[in-house]
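First up is the structure itself, then whatever we jot down about it.
Derivation of every value follows stated rules applied to the coordinates shown; laboratory data play no part. Given the structure is predicted, the values throughout are model-derived calculations rather than measurements. Note: ideal-geometry Cβ built from the backbone for every residue, glycine included; neighbour counts use all protein chains shown.
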Amino acid sequence: MPSESIPRRPLSDATDKPRGRYAPSPTGSLHAGNARTALLAWLVARAGGGSFVVRVEDLDRARLVPGAEAAMLDDLSWLGIDWDEGPDRGGAFGPYRQSERTARYDAAIHYLLKIGRAFRCACSRTEIARAASAPHAEDDEGPRYPGTCRGLGRSEVEERARALGRVPAIRFDGRGERVRFTDDVRGTIEPLGPAGIDDFVLRRADGVAAYQLAVVVDDAAMKIDEVVRGDDLVNSTPRQIALYGALGLTPPRFAHVPLLVTGQGDRIAKRARPSSIADARARGMDPGEVVGRLASSAGLCEVGTRLSPVALLARIPSQCELWSRLNRKPAIWD
């Protein structure tokens, strides 16, 4: 049976100021899909009278683009999206670049190993793909891990890794835990279904903390209580909720917003080299036009409206109003 639906933090009111965040990866230019997610996350935080944080997720050093961080922050400012804490201004919960927070990830992994909710793994992705059972669909985590190293002793795993010329990764012991939660956009859902939580990676063989671990540790440490992100990350949420539980932390609320897509129905993503906010600026578009197009694609204003994020916020008296008006379907971006 699935676990009980995860209790949600109450929608923020005047006495409970929310903390929201936007966490971009500086691996390319800020495109319309990124910008719309940032705008919605900003609106949710500001509609509750709360704080907004920008955190740079720069752990994947091989994919970083020089100058991308500064350019993304500049594009956000140009759009009129402001933030209270971030890599350019500091704050009480910094540092605000993940590459500067590795000691926190190591401490969390040490604790999970100590309590038996993590284990070392000497398997390669190729081996996992060969051994994974066919019925489980792949997502961003790749094929479902077949449990090869789960239950093996540390010395046995390390000896196997040495024989294969690699360093063990660290995996979460998911135990097939089923997680149902209530999403502010999609309602009560159980994205991973009966298969439950897999043994996903916490730290890669190269020593870098994986996304699932880093985002949980950072959101908890930064006291983020409302996570707004794209619908393509919904499968990550049960894994992250399981991590919150194992670490003795309270999960935030989650809202997975529909994506912007191309005319062919493909999601807008950096790997497809989509038109960027920088391109719009170079073509002479003004910020109000871009914000209006982003907002109208989400169902928050009429097509053709030009307005700033602050003016848009004035039209949305509460978080509940925003979610009631949000377009639940992917929107085509020209």
- Message: To test your reading of the geometry: what angle, between 0 and 90 degrees and rounded to tens, separates the Cα axis of helix 287-297 from the longest principal axis of the chain?
- Response: 60
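Ranked by Cβ crowding within 10 angstrom, fewest neighbours first, how are Leu73, Leu152 ordered?
Details: Leu73 21, Leu152 16.
The most exposed by this proxy come first: Leu152, Leu73.
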- Task: Return the whole-Å distance between the Cα centroid of segment 49-128 and the Cα centroid of segment 210-267.
- Result: 13
- Query: Relative contact order for the chain using alpha-carbon pairs under 8 Å, separation at least 6, rounded to a whole percent?
  - Reply: 21
- Does anyone have the angle between helix 211-221 and the longest principal axis of the chain? Alpha-carbon axes, 0 to 90°, nearest 10? 70
- Does anyone have the angle between helix 236-246 and the longest principal axis of the chain? Alpha-carbon axes, 0 to 90°, nearest 10? 60
- Query: Going out from 0 in 5 Å bins, what whole percent of all Cα-Cα distances in segment 103-203 drops into each bin?
  - Reply: 2, 12, 19, 21, 19, 14, 7, 3, 2, 0
- So what is the calculated 222 nm ellipticity per residue for the chain, using -39500 (n - 2.57) for each DSSP H run with n of 4 or more, over all residues, to the nearest 500 deg cm²/dmol? -9500 deg cm²/dmol
- Putting +1 on Lys and Arg Cβ atoms and -1 on Asp and Glu Cβ atoms, find which of Phe119, Gly176, Pro143 reaches farthest to the positive end of the dipole of segment 103-203. Phe119
- Message: Along its three principal axes, how long is the chain when you only count alpha carbons? Whole Å, largest extent first please.
- Response: 63, 42, 42
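I need the calculated FRET efficiency for the pair Thr188 and Gln264, taking r as the beta carbon distance and R₀ as 41 Å, to the nearest 0.05. Walk me through the intermediate numbers first.
Values: r = 32 Å, r/R0 = 0.77.
Efficiency for this residue pair is about 0.80.
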- Query: Ratio of Rg to Rh for segment 254-325, alpha carbon only, Kirkwood?
  - Reply: 0.99
- If unit charges are put on Cβ atoms (+1 for Lys and Arg, -1 for Asp and Glu) and the dipole of the chain is taken about its Cα centre, the option from Leu59, Ser155, Ala278 lying farthest towards the positive end turns out to be Ser155
- Message: Using only the alpha-carbon atoms of segment 18-110 as identical scatterers, what base-10 log of I(q)/I(0) does the Debye formula give at q = 0.20, 0.23, 0.24 Å⁻¹?
- Response: -1.00, -1.22, -1.29
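Estimate the FRET efficiency between Glu302 and Thr102 by the formula 1/(1 + (r/R0)^6), using the beta-carbon distance for r and 41 Å for R0, to the nearest 0.05.
On the way: r = 47 Å, r/R0 = 1.13.
Once rounded, the FRET efficiency stands at 0.30.
Taking the Cα centre of segment 103-203 as origin, sum charge times position over the Cβ atoms of Lys and Arg (+1) and Asp and Glu (-1), and report the length of that vector in debye to the nearest 20. Mind showing how you got there, number by number?
On the way: 18 positive and 16 negative charges, 86 e Å.
So the magnitude is around 420 debye.
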- Message: With +1 assigned to the C-beta of every Lys and Arg and -1 to the C-beta of every Asp and Glu, and no other charges, what is the dipole magnitude of the chain about the Cα centre in debye, to the nearest 20?
- Response: 520
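Using a Förster distance of 41 Å, how high is the FRET efficiency between Ser324 and Ala221, based on the Cβ-Cβ distance and rounded to 0.05?
Values: r = 32 Å, r/R0 = 0.78.
It comes to 0.80.
For segment 138-182, what is one quarter of the convex hull surface built on the Cα atoms, given in nm²? All intermediate terms of the calculation are to be shown ahead of the outcome.
On the way: hull surface 17.7 nm².
Hull-based average projected area comes out at 4.4 nm².
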- Report, to two decimal places, the Cα Rg of segment 166-279 normalised by 2.2 N^0.38 Å (N = number of residues). 1.19
